[in-house]
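Report on the following structure.
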Amino acid sequence: MDGGDTISSQLVKRTEEIRRKLHSLETETIAKRSGARLEENALHLQLLGEEYLVKLPDYEVQSLSNDSSEHLKVLILDYLRRAENVDSNRWIAFREIPHGEFYSDNFKRTTETKLTRKFQGRKDQFVEVANKCGGSSISLGDVGFSFDVLPRFNIALVFWDGGEEFRDQVNLLFEESAPRCLPTEGLAMVGRELCSQFIKKAQSDQL
């Protein structure tokens, strides 16, 4: 069995496990905790601005706008299983997430380092792209924005102006309640996806 087959087998096993746990919960409870809309025997929600339909009772995930990776579909099911309606007033770095310190260097390279390089000396462009991506202004850094990644799950991007002596810096932050909504690998995935979309939007605006 090659590596791809192994990954596929692991995904199938994980998906089946999550579905078993979802079947043990009341659908109305899942909808209330996750913020998904229960309508016509399906759960409706958005992930990073894309519409998804989760058909009941089998919890089959379908993208309404484009083809989606199996990893993102499993992430949606995991979110439905875990999500709690918890208010969070504190933002934390990836390294503060349980077990996040072991993967923080890699996560930083694939998110914050890329954002910092892309928007170095371009605070105005950062603000423009954030607004176009539907960000909501928050009081962090020189400019900061919160993004709705899932119905009750937000990620913040914060720009720190280094002035004439230091380099600018862009940070990615999670709500303190994030680990209750997704496992560490899921948080890393949505963080990378948000950064990728943000950079692609900046690049498309420059064409």
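Since every read-out is calculated from the coordinates, none of them should be taken as a lab result. Here the structure is a predicted model, which is why all the values come from computation and not from measurement. All Cβ positions, glycine included, derive from the backbone under ideal geometry; neighbour counts span all protein chains shown.
Of Asp105, Asp58, Asp67, which has the largest mean-square fluctuation in a 10 Å C-alpha GNM of the chain? For the chain, modelled as a Gaussian network with Cα springs under 10 Å, the answer is Asp67. Remark: the range 97-172 carries a charge dipole of roughly 340 debye about the Cα centre, counting +1 on each Lys and Arg Cβ and -1 on each Asp and Glu Cβ. Within a straight-line Cα-Cα reach of under 29 Å, Lys13 can be paired with the following lysines, leaving aside sequence neighbours fewer than 8 residues apart in one chain: Lys21, Lys32, Lys55, Lys73. Under the convention that each Lys and Arg Cβ holds +1 and each Asp and Glu Cβ holds -1, the size of the dipole of the chain around its Cα centre is about 160 debye.
Around Glu28, what is the net charge, scoring Lys/Arg as +1 and Asp/Glu as -1 over all other residues with Cβ under 14 Å from its Cβ?
Once positives and negatives cancel, what remains is +1.
With contacts taken as Cα pairs under 8 Å at a separation of at least 6 residues, the range 91-206 carries a relative contact order of 30 percent. Summing Lys and Arg as +1 and Asp and Glu as -1 over all other residues whose Cβ lies under 14 Å from the Cβ of Asp161 gives a net charge of -2.
Net charge of the neighbourhood of Asp142, taken over other residues with C-beta under 12 Å away and scored Lys/Arg +1, Asp/Glu -1, is -2. Pairs of Lys residues in the range 91-206 that lie 8 or more places apart, or on two chains, and have C-alpha atoms under 16 angstrom apart add up to 10.
Look at the dipole of the chain built from charges on Cβ: of Phe145, Ala188, Ala42, the Cα furthest out on the positive end belongs to Ala188.
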